[in-house]
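What follows is one structure encoded as structure tokens, with my remarks underneath.
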Amino acid sequence: MTQQTGSIFDVVVIGGGASGFFSAINIVEKHRSASVLIVEKTHQVLSKVKVSGGGRCNVTHQELPFKTFAKHYPRGEKELRLLFQEFSSTDIQKWFEEKNITLKTESDGRMFPESNSSQTIIDCFAKEIQKKNIQLKTSSAVINVRKENDIFYLTTATEEIKTRYIVACTGGSQNSNHYSWLQKLSQPLTTLHPSLFTFNAADHVLKNLAGVALPHSKVRIRNSKLIEEGPLLITHWGLSGPAILKLSAWGAVELAERQYEFDVLICWADHFTEVYLKEEINTCIKEHGKKKIYNTPIDPIPKRLWELLLLQSDITEELTWNGISHKKTNKLIEHLISYPVAVKGKTTFKEEFVTAGGVSLQYINLHTMESKNIPGLYFAGEVLNIDGLTGGFNFQAAWTTAFIAAKNIVISLNKK
Ligand SMILES: Cc1cc2nc3c(=O)[nH]c(=O)nc-3n(C[C@H](O)[C@H](O)[C@H](O)COP(=O)(O)OP(=O)(O)OC[C@H]3O[C@@H](n4cnc5c(N)ncnc54)[C@H](O)[C@@H]3O)c2cc1C
């Protein structure tokens, strides 16, 4: 039976993840007497924070000009350029510093707590909600929300909760049921697809090279404008590494439409071009003419990969550079700059996956994060149609949107 709880909360935050905790804490930080409740569906809060960054929690990325920072978001780039002016990577760094958490920056710009443990962030949030008397209900999924006379009524399996404002921080999901309470409120959503996945090519000969890594590859999708550069890793099931994750993010919608069946064309080093490789091969002929091609790979191709590329270019183990024909040269060059791999399916195992899609930004006031059609309903985090590349960008979007929602709810509370 559904129980009616008497008092009306100032704010109920739906979802006890990164954006939920950060918005709740920021509301009370700015409005000491606000009554705030976090309602979490599962029995455990901050579960993604816990496993994030391999247990180290990549909280943000080092500050960059807002325009450059925003370029790391396949969805939300334009909007975040504006939002970062309110709360950026520098601001979250300061916020954690004020809470005595030292962050460190790795050479690639990713920032982690110095402790190298996500528990540091979880402990900080837990301490803050206790200090600020923020209430928490776990194992309570919000299944319905209705609004009457400026009051929201939230239904869980066991009770009805009343509140003046809501921050929806329910995170992402590719399952539309996840958003059913929002759909009932007629809050528009975009299509939903996974992002940040690796490519399956289990039948491909490359699987014998599992573990081979190329630090500066260039990968593109055949018959598409999608192209990315970066480290590439050959795995037992196909292709992985930052270059592939970036392709999956920028191509989240397009690759879903192709039902994850497409060809990837690999250029094994980003400086490889036809002209460059012709010169390299001419140099090999001049300088190592009598040497076996098998034993003199072109830099930076690892030996195991080189042997496979030669085999597929009909170059036998005995052939020397002096003996290479035009036909074989051309075939080898093609395999070095445009090696095709047929992809069938995707894998998100152990990866930092996120949802491409969610609450449509068109229907959100970007100065406040409030719904344009349902006043009093605010949004933060991955529930929105905002998602970033790996590197701390997804948490930064959660902090930024949560801060703005909190700030504007407090402005409204102060007016009442
Ligand atoms: C394995 C993994 C590692 C990651 N590592 C990183 C990283 O290092 N750096 C980075 O920037 N990003 C990382 N990400 C992405 C990042 O974790 C998310 O983008 C971020 O957690 C989003 O925060 P959120 O609060 O919006 O959503 P979530 O963290 O998903 O939290 C949403 C919460 O809402 C609850 N909820 C949902 N529906 C309801 C409901 N109806 N009623 C009540 N509660 C509900 C959920 O149970 C959940 O606890 C990682 C993701 C994964 C999966």
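Coordinate-derived values only; no laboratory data. Predicted model only: the values in this text are computed from it and were never measured. Glycine gets a Cβ as well: all are built from the backbone with ideal geometry, and neighbour counts include every protein chain shown.
If each residue of separation counts as 0.36 nm, what is the full-extension length gain between residue 126 and residue 207 once their alpha-carbon separation is subtracted?
Working: separation 81, 0.36 × 81 = 29.16 nm, distance 4.46 nm.
Between residue 126 and residue 207, full extension yields 24.7 nm more.
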Item checked: MRE, 222 nm, helices only [DSSP H, n ≥ 4, -39500 (n - 2.57), over the chain, to nearest 500] -> -10000 deg cm²/dmol
Note to self: Just to be sure I understand the rule: take each whole DSSP H helix in the chain, project its Cα atoms onto its long axis, keep it if the span is 15 Å or more and its mean Kyte-Doolittle hydropathy is at least 0.0. Which ones pass?
What the structure shows: 18-30, 393-415
Notebook entry, point to check: Once fully extended, how much extra length lies between residue 85 and residue 139, figured as 0.36 nm per residue of separation less the alpha-carbon to alpha-carbon distance?
Noted result: 15.8 nm
Next item on the list: Pick out which of 113, 188, 375 has the largest mean-square fluctuation in a Gaussian network model of the chain, springs linking Cα atoms closer than 10 Å.
Entry: 375
Next item on the list: Choose one answer from 237, 181, 95: the residue with the largest mean-square fluctuation in a GNM of the chain with alpha-carbon springs under 10 Å.
Entry: 95
Margin query: If neighbour count is taken as other Cβ atoms inside 10 Å, put 267, 57 in order from fewest to most.
Written below: 267, 57
Item checked: Burial order of peptide ranges 144-154, 11-21, 66-76 (average beta-carbon count within 10 Å, highest first) -> 11-21, 66-76, 144-154
Notebook entry, point to check: Calculated FRET efficiency, residue 51 and residue 71, Cβ-Cβ r, R0 41 Å, to nearest 0.05?
Noted result: 0.95
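Among DSSP beta bridges lying fully in the chain, give the percent that are antiparallel, nearest 5.
Numbers: 45 of 64 bridges.
Taking every DSSP beta bridge with both residues in the chain, the antiparallel ones total about 70 percent.
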Notebook entry, point to check: Among rounded, prolate and oblate, which fits region 75-233 when a ≥ b ≥ c are the square roots of the eigenvalues of its C-alpha gyration tensor, a/c under 1.5 means rounded, and a/b larger than b/c means prolate?
Noted result: oblate
